[in-house]
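Peer 1: There's a structure below that I have some questions on.
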Amino acid sequence: MKLQVGAIKEKATSLVSEEPAEAYPALLAVQEAGECRFVAPVTARLSVGKEYDHIRAHGEVSTTVALVCSRCLVDFTQELHTSFTIFYSPASVGPQDEEVELSEEDLVSIPYEGDEIDFTPEIVAQLITEIPYKPLCREECKGLCASCGVDLNVTECTCEKDAFSLKFSALKDFKVDK
């Protein structure tokens, strides 16, 4: 999703895009790595306008992904939705050899060069940060039994519940001589 800098006015311009995840190489790489599978198109809505000496882009991005629960290994789908605001400033002209103190505005803005701004990297970054690191089908998922492997969300296992923990079993015969 690109926009000509000359077309950006003080009054915000609205942009809407709906594309398959395959149109974004970084999202395709995430899918090929097995982290998730995109099952709906990526919908991006941006409102872009000039403010003082920078450009402000407020956006919302959403899609639906298929994930595997990290506790019970069940496939499930989850909607990803995020909103963000990013500031764009013209890139500094020429190399700077000396140290320069950055203002707060410089720290939260992205420099751009040329006569157009490509919003694709920010759209992709926002979606990737929304993909759960340890996906859960539901918050109270009980997972699988460590002994027999049965899904504890569906049935109760008949394994013996031993209070003995193997965590410190190597120390059970340890004796201290005084």
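Peer 1: From the phi angles alone, apply the Karplus equation (6.51, -1.76, 1.60; θ = phi - 60°) to segment 153-158 and give each ³J(HN,Hα) in whole Hz, x where the residue is Gly or Pro.
Peer 2: My calculation for segment 153-158 gives 7, 9, 9, 8, 8, 9 Hz in order.
Peer 1: Only Lys, Arg, Asp and Glu count, each charged at its Cβ (+1, +1, -1, -1), so figure out the dipole size of the chain about its Cα centre, rounded to 20 debye.
Peer 2: Dipole size: approximately 1080 debye.
Peer 1: Something else: Within a Cβ distance under 10 Å of A44, other residues only, what is the Lys/Arg minus Asp/Glu net charge? Could you put the intermediate results ahead of the total?
Peer 2: Numbers: positive: R45; negative: E18, E19, E60, E122.
Result for the local shell: -3.
Peer 1: Right, here's the next one. Quote the FRET efficiency, to the nearest 0.05, computed for E99 versus A7 with a Förster distance R0 of 41 Å and r equal to the Cβ-Cβ distance.
Peer 2: 0.70
Peer 1: Expressed as a rounded percentage, what relative contact order does the chain have, with Cα pairs under 8 Å and six or more residues apart?
Peer 2: Numbers: 268 pairs, mean separation 35.9, N = 178.
The value is 20 percent.
Peer 1: Cβ under 12 Å from F76's Cβ, F76 left aside: what net charge do those residues give with Lys, Arg +1 and Asp, Glu -1?
Peer 2: For residues surrounding F76, the net value is +1.
Peer 1: Between A29, A21, A66, which gets the highest mean-square fluctuation from a Gaussian network model of the chain, Cα cutoff 10 Å?
Peer 2: Result for the chain, Cα springs under 10 Å: A29 fluctuates most.
Peer 1: Follow-up. Work from the charge dipole of the chain (Cβ charges, +1 for Lys and Arg, -1 for Asp and Glu, about the Cα centre) and give the residue of A170, T85, I110 farthest towards its positive end.
Peer 2: Farthest towards the positive end: A170.
Each reported figure results from applying straightforward, stated rules to the coordinates on display, with no laboratory input. Note that the structure is predicted; figures quoted are calculated from it, not measured. Here the Cβ is made from the backbone with ideal geometry for all residues, glycine too, and neighbour counts use every protein chain on show.
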